[in-house]
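Colleague: I have a structure I would like to understand better, so I am pasting it below and will then ask my questions one at a time.
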Amino acid sequence: MLDIKFIRQNTELVRRKMLERGQEMDMSPFLNLDTRRRDILQEVEGLRSDRNTVSKDIGEKKKKKEDASEQIARMGEVSARIKSLDDELKKVEEDLNAMVMVIPNLPHDSVVYGTSSEDNPVIRVWGEKPQFSFAPKPHWDIGEDLKILDFERGAKITGARFTVYMGLGAMLERAIINFMLDLHIFDHGYTEVLAPFMVNRESMTATGQLPKFEADLFRVDQVDYFLIPTAEVPVTNIHRDEILSEKELPIHYVSYSPCFRAEAGSYGKDTRGLIRQHQFNKVEMVKFSRPETSYDELEKLTANAEDVLQRLNIPYRTVSLCTADLGFSSAKTYDVEAWLPGQDAYREISSCSNFEDFQSRRAAIRFRREDTGKLDFVHTLNGSGLAAGRTVVAVLENYQQADGSVVIPEALRPYMKGIDRIPAIG
RNA sequence: GGAGAGAUGGCUGAGUGGUCGAAAGCGAUCGCCUGCUAAGCGAUUGUACGCCGUAAAGGUGUACCGCGGGUUCAAAUCCCGCUCUCUCCGCCA
């Protein structure tokens, strides 16, 4: 969330930045509530101060067996007034909070203005697209032909947008996950985390999924828990309500998790194959950084995600999301898009964001500065490194052969017991 | 799922209605002393929000003793509900 004081003092800037995101915002309800809140506070705290003084006096009079009934009666009235002001204050703060919690983050000044994903500037293009002597197939055909992906049975077992991986397909996904984890742990310096796949409402609120996007989440019926849409949620919440020491920053975590997304509103999009599932696997990188270095950390984070594709020798490009395409909590995001020859398109395989203090303010994740001794919010960042299912897609489509088989990228073979190819059937 | 115990400041731990933002100890920071180290002595040692201050410094008020309600002129302290932790039993990977 944004700092209420900041909104109060920079109302016009906030309004303009929201407009850049494509969201018109009337700031006056916010300002009115904020003013009312401070008015109430001043009155109620004045009354409390008065009551504290008089109550002490009453105590002393009673000790001396003097009469205090006049003061007791007067304080009874004051307390009644405090009570009614408290009730109003609570309501005002709830309303104010509800308003602030659904305001998205301010785009960083380097984020270009745009009205759709068409406007995302391409930052880098890497790799050579493979040339085929045949028409490259989309991964859903490859997967079915090799009997490694079973969409129909996934639908039977659960429903639409669930898939069964079989044999070397299952092994390939597992190999990719382990390869990516090892790369980030041993080459990029991240600490591995395995956190809960269900979280409570507080955690979802801290990272920004709630209260605005409940419809996108799967909720557990018996308890008020949610299936995580990304490991970002449990991993960022590791340090919720904590004060970190400046020395330990930046903190780098990497975590495997399945991800569950209701994908509300996305029906009709990407209905075929593995691209848009209700459940998928992902390796996620999460960083906690000093504010001064968070944008350097974002560049490194993105480079770490790109490194996965480079080692797999899969062509990709990196785009910077424009103001309209930026996620709710993010100040700046790079999307890494893998080349998918079967679909003749680049498709998102990683999303790397700097949330600045948007999440840490919600989550109360702070650190103590060594020079001043003051507390400050950390900056949080995260990025996929990478989405495992989509990496399977990229491998299948880029490494498909004329005979229908798929070659395993060399970097994955140690994780596949040396198997170098998924053979064609028949 | 059943029974019991507990939750206080960075930590340990006292505190059963007013003099408690909270004893004491530990730790930490600063200073003094000591020709190194240790010991010793003194001081300081939370956070949030509001107001004053151009700002920083600072001052001031309020709140916070797991969370939420209640009683009372007054609650860490009394009452009710909840959450979490620990121990035992049951169940289970």
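Colleague: Out of A:232, A:192, I need the residue that is open to solvent by less than 40 Å² (accessible area, probe 1.4 Å) and under 28 Å from residue A:392 (Cα atoms). Which one? Steps first, please.
Modeller: Values: A:192 fails: open to solvent by less than 40 Å² (accessible area, probe 1.4 Å).
A:232 is the lone residue from the list that is open to solvent by less than 40 Å² (accessible area, probe 1.4 Å) and under 28 Å from residue A:392 (Cα atoms).
Colleague: Using beta carbons and a limit of 6 Å, which pairs, at least six apart or on different chains, have the first residue in segment A:197-224 and among the acidic types (Asp, Glu) and the second one open to solvent by less than 70 Å² (accessible area, probe 1.4 Å) and assigned to a loop (DSSP other than H, G, I, E, B)?
Modeller: Listed pairs, sorted by first residue: A:216/A:262; A:216/A:264.
Colleague: OK, next. Just for segment A:1-39: of the residues that are open to solvent by 60 Å² or more (accessible area, probe 1.4 Å) and hydrophobic (A, V, I, L, M, F, W, C), which one is nearest to RNA strand B (Cβ to nearest atom)?
Modeller: The qualifying residue nearest to RNA strand B (Cβ to nearest atom) is A:6.
Colleague: Okay, next question. Going by the structure shown, is residue A:258 open to solvent by 20 Å² or more (accessible area, probe 1.4 Å), in the same structural domain as residue A:190 (by TED's automatic domain parsing) and of a type outside the set (Phe, Trp, Tyr)?
Modeller: Answer is no for this residue.
Colleague: Right, here's the next one. Residues that are under 30 Å from residue A:15 (Cα atoms) and surrounded by fewer than 13 Cβ atoms within 10 Å (Cβ to Cβ): does segment A:40-50 have at least one?
Modeller: Taking every residue of segment A:40-50 in turn, at least one turns out to be under 30 Å from residue A:15 (Cα atoms) and surrounded by fewer than 13 Cβ atoms within 10 Å (Cβ to Cβ).
Colleague: Output the strands (runs of 3 or more DSSP E) that fall wholly within segment A:340-426 and possess 1 or more residues being open to solvent by 40 Å² or more (accessible area, probe 1.4 Å), or say none.
Modeller: A:345-356, A:365-368, A:375-377
Colleague: Could you check residue A:271 against (1) hydroxyl-bearing (Ser, Thr, Tyr); (2) over 30 Å from residue A:162 (Cα atoms); (3) surrounded by fewer than 18 Cβ atoms within 10 Å (Cβ to Cβ) and say which number it fails?
Modeller: Every listed condition holds for residue A:271 apart from (2).
Colleague: Counting only residues that are within 6 Å of RNA strand B (Cβ to nearest atom) and under 18 Å from residue A:80 (Cβ atoms), which one in segment A:51-64 is least open to solvent (accessible area, probe 1.4 Å)?
Modeller: A:58
Colleague: Also, quick follow-up: Taking residue A:316 as the residue in question, decide whether it is touching a Cys at 6+ places or on another chain (Cβ under 6 Å) and aromatic (Phe, Trp, Tyr).
Modeller: Taking the combined requirement at face value, the residue does not satisfy it.
Colleague: Checking the conditions here, which among A:162, A:132 is in a loop (DSSP other than H, G, I, E, B), open to solvent by 40 Å² or more (accessible area, probe 1.4 Å) and touching a His at 6+ places or on another chain (Cβ under 8 Å)?
Modeller: Matching residue, one of A:162, A:132: A:162.
Colleague: Give me the pairs, please: first residue somewhere in segment A:49-63 and closer than 17 Å to residue A:77 by Cα, second residue anywhere and more than 6 Å from RNA strand B (Cβ to nearest atom), beta-carbon distance under 6 Å, and either six or more positions apart or on two chains.
Modeller: A:51/A:78; A:54/A:71; A:58/A:68; A:58/A:71
Colleague: Ok, one more. On the given criteria, is residue A:266 under 21 Å from residue A:362 (Cβ atoms) and among the small types (Gly, Ala, Ser)?
Modeller: Here the answer is no, as residue A:266 does not meet what is asked.
Colleague: Would you say residue A:296 is at positive phi, at pLDDT 95 or above, open to solvent by 40 Å² or more (accessible area, probe 1.4 Å) and not aliphatic (A, V, I, L, M)?
Modeller: no
Colleague: Could you list all residues from segment A:65-111 that are within 12 Å of RNA strand B (Cβ to nearest atom), within 34 Å of the chain's Cα centre (by Cα) and open to solvent by 100 Å² or more (accessible area, probe 1.4 Å)?
Modeller: The answer is A:90, A:91, A:94.
Colleague: While we're looking at this one, here's another question. Out of segment A:200-229, which residues are closer than 26 Å to residue A:331 by Cβ, open to solvent by 10 Å² or more (accessible area, probe 1.4 Å) and β-branched (Val, Ile, Thr)?
Modeller: Selection gives A:205 alone.
The values are calculated or read from the model by the stated rules, or taken from the named source; none is laboratory data. The structure presented is a predicted model; accordingly, all values stated were derived computationally and were not measured. Backbone-built Cβ (ideal geometry, glycine too); neighbour counts: all protein chains shown. All accessible areas refer to the heavy atoms of the entire protein, side chains included, with ligands and DNA or RNA removed. Shrake-Rupley method; radii C 1.70, N 1.55, O 1.52, S 1.80 Å.
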